[in-house]
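A.B. asks: Got a structure for you, written out below as structure tokens; questions coming shortly.
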Amino acid sequence: MPSSLAAAAAGFGSGLSLIVAIGAQNAFVLRQGIRRDAVLVVVGICALSDAALISLGVGGVGAIVVAWPGAVRAVGLIGGAFLLC
């Protein structure tokens, strides 16, 4: 198997494992869907935030955190604010 195909399969598997697991976000989306309350808005916000977080992860946030230790605190605060919202 070519290395690019192996990398794509590994990325797909990782992404799928994050989506399939019922976490707080997935439970919230399911609840809103069952209640039929602002479904498109909720799904849109969740999809965009997931895409942004995956893009940042792929883009090398880990490298930035290693290069600048203060980034760990900044990323933690941003993540905490996201969860509170």
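A.B. asks: Sort Val58, Val43 by heavy-atom solvent-accessible area, probe 1.4 angstrom, most to least.
C.D. replies: The ordering from most to least exposed comes out as Val58, Val43.
A.B. asks: Starting from the chain, pick out the trypsin sites (Lys or Arg not before Pro) whose DSSP state is loop and whose Cβ has at most 15 other Cβ atoms within 10 Å.
C.D. replies: Filter output for the chain: Arg36.
A.B. asks: Still on this structure: Can you list the HN-Hα couplings for the range 65-80, worked out from phi with the Karplus curve (6.51, -1.76, 1.60; θ = phi - 60°), rounded to whole Hz and with x for Gly and Pro?
C.D. replies: 5, 5, 6, 10, x, x, 5, 4, 5, 4, 5, x, 5, 5, x, x
A.B. asks: Another question, then. Once you sort the root eigenvalues of the Cα gyration tensor of the range 1-73 as a ≥ b ≥ c, which label holds: rounded (a/c under 1.5), prolate (a/b larger than b/c) or oblate (the other case)?
C.D. replies: oblate
A.B. asks: Would you calculate, for the chain, the mean residue ellipticity at 222 nm contributed by helices, counting each DSSP H stretch of 4 or more residues as -39,500 (n - 2.57) and dividing by all residues, to the nearest 500?
C.D. replies: Estimated from H runs of four or more residues: -28000 deg cm²/dmol.
A.B. asks: Among rounded, prolate and oblate, which fits the range 34-85 when a ≥ b ≥ c are the square roots of the eigenvalues of its C-alpha gyration tensor, a/c under 1.5 means rounded, and a/b larger than b/c means prolate?
C.D. replies: It is oblate, given that a/c is not under 1.5 and a/b is not larger than b/c.
The values are calculated or read from the model by the stated rules, or taken from the named source; none is laboratory data. For clarity, every value in this text was computed on a predicted model and none was experimentally measured. Positions of Cβ are generated from backbone atoms using ideal geometry, with glycine treated the same way; all protein chains shown enter the neighbour counts. Each accessible area value is taken on the protein alone, full model and side chains, heavy atoms only, with ligands, DNA and RNA left out. Shrake-Rupley method; radii C 1.70, N 1.55, O 1.52, S 1.80 Å.
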